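Below: one structure, written as structure tokens.
The values are calculated or read from the model by the stated rules, or taken from the named source; none is laboratory data. Predicted, not measured: the structure shown is a model, and the values here were computed from it. Note that we place each Cβ from the backbone using ideal geometry, even for glycine, and neighbour counts take in every protein chain shown.
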Amino acid sequence: MALNQETALREKLIQLQCHFTWALRKEDTDLSDLQNRLEDDVSFSSADQAGDKHLFSFLAFVNYLQDQPEEALANLTKAEDHIRKHNKECEKMLIVTYGNFAWLYYHLNDHAKSMSYLEKVEDIRQRFPTQSPTAFHAEVYGEMGWTFLMYSRTYHKKAKECFEKALKEYPDNPDWNCGYATALYRAEYDSNTTADSPATKQLRRALELSPGDSYIIALLGLKLAESGRLNEAEELIERALMISPDKPHIIRYVAKFFRKHGSMDKAIDLLKLALEETPNSAFLHHQIAICYRSKRPNLHSNGGKKINREEFEHLETAIEMRPSFIIARIDLALLHAEKGNFTKAEELFQEAFQVAREKNLNLQDVHKSYGNFQLYHKRSVSLAIEHYMKGCQIRKDNRAGEQCVQKLEMIAKRRIDRNPSDGEAFGILGYVNKLRGDKLQAIECYEKALLHSPGNGEFLTALCDLRLSLH
């Protein structure tokens, strides 16, 4: 193919809407773990399960990123077959799959086949025009939504926006209502929610449209449990398990409910059952480790906490399977700290910081947990303060942020109790009150801080800014 023809082909490919053009960055996910998850989902998928119709095309793209072109082509063929079999009006559903075919053949230097799939996409677009040249088909938005949702936490906001756009055109589509409910559920994960939160309302809406979907039932159960409606929550959780007793995807949510509400052994049994079906799940290994950790306060050995060897093993396996699993790495670091292995704990924390910065993910959790490590194990209050403050600066209105704020408040008050002239402690308290929006209390604290630490530029600047903001 002549250079100008190849340039023209590439320009057309760039205009397609498919996984190759959605700016999915390899560094934002753990590709081997994502591939395992998608393959597990394919194994346990059912024709009516929301999101399942997108799995093969997405998996094909991940195959491509993993340098598996033959597997990618095989999965794209399965994607087309699956869509044609399960969707009467399937043409618009094929836009993304055909786009992936076009890109994959281009990368395989089969430009003739690439062109043929480009033409297929163009044919669909002409037969089913959108309202404006810049708008996508709802089916494309829906598939984008599921992809962003499954790819990485950093894409969840985009996923929510995609489902909103898809539902504008087809408000009663069960698949996209489920996706939108999932996106809202994840958005609310770190915040305190009420029984009528947006996620709860949307989960109920999704359940109206798909009354037998065990995934939605389980998510709604967990959501209601968060807001204290335990009886209704437990009924839903039991119902989800009854509908899908052998689906690891559902079992893990059911186990999460039992773990959070005290039935630790039941949760462990369920998670181990799921692990038999999906042995490559780093997530399940981590969940089992959390269950063993939750059991520990009731187990004593020589007056101290007894650590079950299985807790270590499951955390180590989770990290081995998914090296980018930051939370599991933090948990293992703290476990080593409890055993007095501070050198190993420090090494794991530094690795966690590195991965968190590379992937722009969970950095706040690392700062919070490293602060705990410094405070409770290394007895370094100054380093603990430094990392709690860094944690607050990332975000203050979620669980991790609020925990950092609480730790700072606790440290400051203890120091003031011991030494009422501790200017730095009053400065920390001023910072805490400022974060919480209590400006008058913050001003009072900064005034006391300057009284005991006159000339401190940081406190003076904070005080001036607060006074100005009141006018």
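If the condition is being buried (at least 19 other Cβ atoms within 10 Å of the Cβ) and not hydrophobic (A, V, I, L, M, F, W, C), then region 139-155 contributes Glu139, Tyr141, Gly142, Glu143, Gly145, Thr147, Tyr151, Ser152, Tyr155.
Per-residue answers, yes or no, for (1) within 18 Å of the chain's Cα centre (by Cα); (2) more than 30 Å from Lys92 (Cα to Cα); (3) part of a loop (DSSP other than H, G, I, E, B):
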site: Ala199; (1), (2), (3): yes, no, no
site: Ala206; (1), (2), (3): no, no, no
site: Ile216; (1), (2), (3): yes, no, no
site: Leu222; (1), (2), (3): yes, yes, no
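Among the residues making up region 165-198, those that are among the aliphatic types (A, V, I, L, M) and either touching a strand residue (DSSP E or B) at 6+ places or on another chain (Cβ under 9 Å) or modelled with pLDDT of 95 or more (or both) are Ala166, Leu167, Ala181, Ala183, Leu184. Using the structure shown, decide if Ala2 is at pLDDT below 95, out of contact with any helix residue (DSSP H, G or I) (no Cβ under 7 Å at 6 or more places or on another chain) and either surrounded by fewer than 18 Cβ atoms within 10 Å (Cβ to Cβ) or within 29 Å of Leu284 (Cα to Cα) (or both). Spelling it out, Ala2 is indeed at pLDDT below 95, out of contact with any helix residue (DSSP H, G or I) (no Cβ under 7 Å at 6 or more places or on another chain) and either surrounded by fewer than 18 Cβ atoms within 10 Å (Cβ to Cβ) or within 29 Å of Leu284 (Cα to Cα) (or both).
With respect to Glu347, determine if the residue is part of a helix (DSSP H, G or I), modelled with pLDDT of 95 or more and more than 17 Å from Ala400 (Cα to Cα). For Glu347, the condition - part of a helix (DSSP H, G or I), modelled with pLDDT of 95 or more and more than 17 Å from Ala400 (Cα to Cα) - is met. With respect to the conditions (1) closer than 30 Å to Thr278 by Cα; (2) surrounded by 13 or more Cβ atoms within 10 Å (Cβ to Cβ); (3) at pLDDT 95 or above, Val42 lacks only one, and its number is (3). The listed residues are Glu409, Glu358, and the only one of them that is surrounded by 14 or more Cβ atoms within 10 Å (Cβ to Cβ) and either touching a Leu at 6+ places or on another chain (Cβ under 8 Å) or in a helix (DSSP H, G or I) (or both) turns out to be Glu409.
The residue of region 307-356 that is nearest to Ile288 (Cα to Cα), among those that are in contact (Cβ under 8 Å) with a residue 40 or more places away in the chain and small (Gly, Ala, Ser), is Ala328. All told, Lys92 falls short of being part of a helix (DSSP H, G or I) and among the basic types (Lys, Arg). When the residues of region 379-405 are filtered to those that are more than 21 Å from Leu466 (Cβ to Cβ) and among the polar types (S, T, N, Q), the one that is surrounded by the most Cβ atoms within 10 Å (Cβ to Cβ) is Gln403.
Candidates in region 434-471 are the residues that are surrounded by 12 or more Cβ atoms within 10 Å (Cβ to Cβ) and outside any helix (DSSP H, G or I); of these, the one that is nearest to the chain's Cα centre (by Cα) is Arg436. From the list Gln403, Gln374, Gln364, Gln393, the lone residue that is in the same structural domain as Phe342 (by TED's automatic domain parsing), in contact with a Leu (Cβ under 6 Å, 6 or more places away or on another chain) and not hydroxyl-bearing (Ser, Thr, Tyr) is Gln374. Residues in region 111-134 that are in contact (Cβ under 8 Å) with a residue 60 or more places away in the chain and farther than 20 Å from Asn4 by Cα: Val121 alone.
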